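A.B. asks: Just dropping this structure here.
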Amino acid sequence: MQKPLQGIRVIELGQLIAGPFAAKILGEFGADVIKVEPPGTGDPLRKWRLLHEGTSVWWAVSSRNKRSVTLDLREPEGQDVVRKLLAEADVLVENFRPGTLEGWGLGWKELHALNPKLVMLRVSGYGQTGPYRDRPGFGVVGEAMGGLRHLSGEPERTPVRVGVSIGDSLSALHGVIGVLLALRHRDQNGGEGQEIDVALYESVFNMMESLIPEYSVFGAVRQPAGSSLPGIAPSNAYRCRDGRYALIAGNGDSIYQRLMALIERPDLASDPALAHNDGRVKQVELIDAAISAWAASLDLDDVLAKLTAARIPAGKIYDAADIASDPHYKARDMLLDSQLDDGTPVVLPGIVPKLGSTPGGVSRPAPTLGQHTDEVLTELGIDAEQRAAWRARGLI
């Protein structure tokens, strides 16, 4: 079945998370992704978190559907090969510090002149312009500057980070949106390629909902609130009799009425001051106390069964074991059986979004370092003798 990005060639010069995650998504929907890595070491992500036979199992997710080519981009020969790749490519994905590619003669002006149809996605900590552009910026810094870290955790305690590199992933998603918009403009509106400038902190900031409007109008600085959702009530995590937590979102007006009926608090259901969210927010401690008392009298499974029967949004807190055994994950093809290089079985995350007619898929496993170097260089017309000479010098 033809995929929506079939025929699109992507050159990935990125490392670690943001750039490679964006290219991964493009590859899952049909793009031919050629990942350029440093000879000998490769992308540092190959050594991040838990390793199997020396390679991260994360790598099996991050680089599926990609071809790996090793090139030393610090050398003129490596830069020349990249130019040949980009002369015929549709998309370049890079997440180096601003100015790095320019130092190699691979900046936007040079590449646009080389290939006017090229779309260039650039992901960096602070963007390609502005007073902070030259600062090193990882996702954790972007999460802090974007406003997320301040809201994470309990009041009066040290702010905590989300347990994954959410700033990088959000930047990758914004990058993919930008690539698709740029390709649409190029191919449907007769336009040329363009540069897409994605900053980690801006990608996080874009998720901050009413944070700045509330400050600009009311001078309100939103504070961390633990498991609750400030300004929306009731919505919290409630401890059950067995020590586990139920997440209950009873903040819709009709949902709130059903929730109060379920926990047998007709007084809170009939109080006109609590009929709508703004009134409930003013008395959220009273409402939360009532829900907490009810949840504490039952085990989690009973709590969730009663809430589901009453059509009240609720759930439990999943860990990896919960996800791996959940029937809904399996029914939605969100757990894909695969294999590592040595045949070791591994379960990988499924593909989203789910397109009805042209869904994404996995056509090739994550590559070993430089697995496709000879294949891709041969496609560029670089013969075996030249490749052997470069290999002897450590350029590929």
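The values are calculated or read from the model by the stated rules, or taken from the named source; none is laboratory data. All values derive from a computational prediction rather than experimental measurement. Methodologically, a virtual Cβ is constructed for each residue, glycine included, from the backbone with ideal geometry; neighbour enumeration extends over all protein chains shown. Side chains included, ligands, DNA and RNA excluded: accessible areas come from the protein's heavy atoms. Shrake-Rupley method; radii C 1.70, N 1.55, O 1.52, S 1.80 Å.
A.B. asks: Tell me, what ³J(HN,Hα) does each residue in segment 110-127 have, in order and in whole Hz, if you take phi through Karplus 6.51 cos²θ - 1.76 cosθ + 1.60 with θ = phi - 60° and put x for Gly and Pro?
C.D. replies: 5, 6, 5, 5, 5, 9, x, 8, 6, 9, 10, 8, 10, 10, 8, x, 10, x
A.B. asks: Using the reciprocal of the averaged 1/r over all distinct C-alpha pairs, how large is the Kirkwood radius of segment 233-346 in Å?
C.D. replies: In segment 233-346 this quantity evaluates to 15.8 Å.
A.B. asks: Which of the lysines could be linked to LYS84 by a straight reach, that is with a Cα gap under 27 Å, when you skip same-chain ones fewer than 8 residues away?
C.D. replies: Result set, ordered by chain and number: LYS3, LYS24, LYS35, LYS66, LYS109, LYS117.
A.B. asks: Another question, if that's okay. Have a look at segment 331-380 and give its Rg and Dmax from the Cα atoms, expressed in angstrom.
C.D. replies: In order Rg, Dmax, the Cα atoms of segment 331-380 give 14.6, 43 Å.
A.B. asks: Charges only on Cβ, +1 for Lys and Arg, -1 for Asp and Glu: so what's the dipole of segment 100-235 about the Cα centre, in debye to the nearest 20?
C.D. replies: Details: 11 positive and 14 negative charges, 15 e Å.
About 80 debye.
A.B. asks: Looking at the chain, what % of its DSSP beta bridges pair antiparallel, to the nearest 5?
C.D. replies: In the chain, approximately 40 percent of DSSP beta bridges are antiparallel ones.
A.B. asks: What's the longest uninterrupted piece of the chain once you rule out the GluC sites (Glu not before Pro) that are loop residues per DSSP with at most 12 other Cβ within 10 Å?
C.D. replies: For GluC sites (Glu not before Pro) (loop position, at most 12 other Cβ atoms within 10 Å), the longest site-free span of the chain is 265-396.
A.B. asks: Hull surface divided by four, with the convex hull built on the Cα atoms of segment 1-124: how many nm²?
C.D. replies: Mean projected area of the Cα convex hull: 7.8 nm².
A.B. asks: Please state the Cα pair-distance histogram of segment 65-192 with 5 angstrom bins from zero: what percent is in each bin?
C.D. replies: 2, 9, 15, 18, 18, 15, 10, 6, 4, 2, 1, 0
A.B. asks: Give the cross-link partners of LYS47 among the aspartates and glutamates, using a straight C-alpha distance below 16 Å as the criterion and excluding same-chain residues fewer than 8 apart.
C.D. replies: Those aspartates and glutamates meeting the cut-off are GLU37, ASP341.
A.B. asks: Then there's this: Loop sites only, by DSSP: take the trypsin sites (Lys or Arg not before Pro) in the chain that have at most 12 other C-beta atoms within 10 Å and name the longest stretch containing none of them. All intermediate terms of the calculation are to be shown ahead of the outcome.
C.D. replies: Details: sites that count: ARG49, ARG74, ARG157, ARG311, ARG332, LYS354, ARG393.
Counting only loop sites that pass the neighbour cut-off, the longest clear stretch is 158-310.
A.B. asks: Here is a further query. How long are the semi-axes of the equivalent ellipsoid of segment 189-241, defined as square roots of 5 times the Cα gyration tensor eigenvalues? Whole Å, largest first.
C.D. replies: Each semi-axis is the square root of five times an eigenvalue, giving 36, 18, 11 Å.
A.B. asks: For TYR245, what residues show an amide H to amide H distance below 5 Å, using hydrogens built from the backbone and excluding near sequence neighbours?
C.D. replies: CYS240, ILE317
A.B. asks: Can you work out the accessible area per residue across the chain, with the rest of the protein chains kept in place, probe 1.4 Å, in square angstrom?
C.D. replies: Numbers: 20210 Å² over 396 residues.
I get 51 Å² per residue for this part.
A.B. asks: Another question, then. So what are the chain's ellipsoid semi-axes, whole angstrom, largest first, if each one is the square root of 5 times an eigenvalue of the alpha-carbon gyration tensor?
C.D. replies: Details: eigenvalues 445, 120, 71 Å².
In descending order, the three semi-axes are 47, 25, 19 Å.
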